[in-house]
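Inspection log for the structure reproduced underneath, given as structure tokens.
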Amino acid sequence: MPARINPSILAADFVNMERDLGRIASADLVHVDVMDNHFVPNLTFGPQMVERIQAVSAIPLDVHLMIDDPDHWALGYAELGAYSVTFHAEAAADPVRLARRLRALGARAGIALKPGTPADDYLELLAEFDQVLVMTVEPGFGGQSFRAETMPKLAQLRAAVDAAGVDVWLQVDGGVTEETIVIAAENGADTFVAGSAVFRADDPAAQIALLRESASAHRH
């Protein structure tokens with residue numbers, strides 16, 4: 001299957017959100033960053049905005065929760081109809097229970113790891129999740145540079161997913177460009193969040209196609 005490209009609307013024009021969503025209609029999913037100014041030092045939007053995005057987006061939502069207490073708040077995003085809901089391992093009290101509850105509501109359940117968080121504690125639990133998000137920047141702000149030191153963790157997860165024979169997407173988020181997407185693909189990623197690289201392009205649809213083709217050609 002070709003690599004998945006999920007543009008992050010953190011790089012979109014918030015005043016012209018519906019227009020910008022139309023410009024990325026060829027993407028696989030829309031990556032929606034929810035930040036609470038507690039878990040990360042930035043504030044974006046909450047359920048009301050996500051509900052409106054859901055209503056006008058032609059493609060499904062990939063919600064990334066950078067918030068405290070996802071055990072309480074994450075379920076609401078699944079109830080809104082988000083296709084995928086990813087919460088942070090560092091914030092969840094019981095990641096496996098939360099993932100099971102998200103799945104019961106019909107959403108894909110993802111777990112995210114900050115650059116400094118090892119994957120070791122989750123290698124035996126991969127079947128409980130539909131996606132593992134390896135952050136390639138510190139979460140909180142768009143436009144940061146890709147951190148190559150996270151690649152051994154990604155490769156470790158790819159080896160574990162393949163060995164277990166489970167259908168778990170491996171996503172990377174942060175500093176994804178035409179150059180760094182190749183590095184991430186070679187280390188096992190199959191799902192890529194790109195913000196600035198897509199929305200700052202003259203032709204976002206052509207850029208999505210270029211990124212997808214480049215990642216697919218170099219996939220592990």
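Read-outs: derived from the displayed coordinates by stated rules, not from any lab. Keep in mind that this is a model prediction, so the values were computed, not measured. Glycine also receives a Cβ, built like all others from the backbone with ideal geometry; neighbour counts cover every protein chain displayed.
As for the stretch 205-214, it holds no residue that is in contact (Cβ under 8 Å) with a residue 12 or more places away in the chain, within 16 Å of L123 (Cα to Cα) and under 19 Å from the mean Cα position of the chain (by Cα). Taking first residues from the stretch 161-180 that are under 24 Å from V32 (Cβ atoms) and partners that are of a type in the set (G, A, S) and part of a loop (DSSP other than H, G, I, E, B), the Cβ contacts under 7 Å between residues at least 6 apart in sequence or on separate chains come to L170/G188; L170/A189; Q171/A189; V172/A189; G175/S145.
Within the stretch 33-79, the residues that satisfy the criterion of being of a type in the set (A, V, I, L, M) and without any contact (Cβ under 8 Å) to a residue 12 or more places away in the chain are L43, M49, A55.
For the stretch 195-214, a residue qualifies if it is among the charged types (D, E, K, R), in a helix (DSSP H, G or I) and farther than 12 Å from A27 by Cα, and exactly one does: E213.
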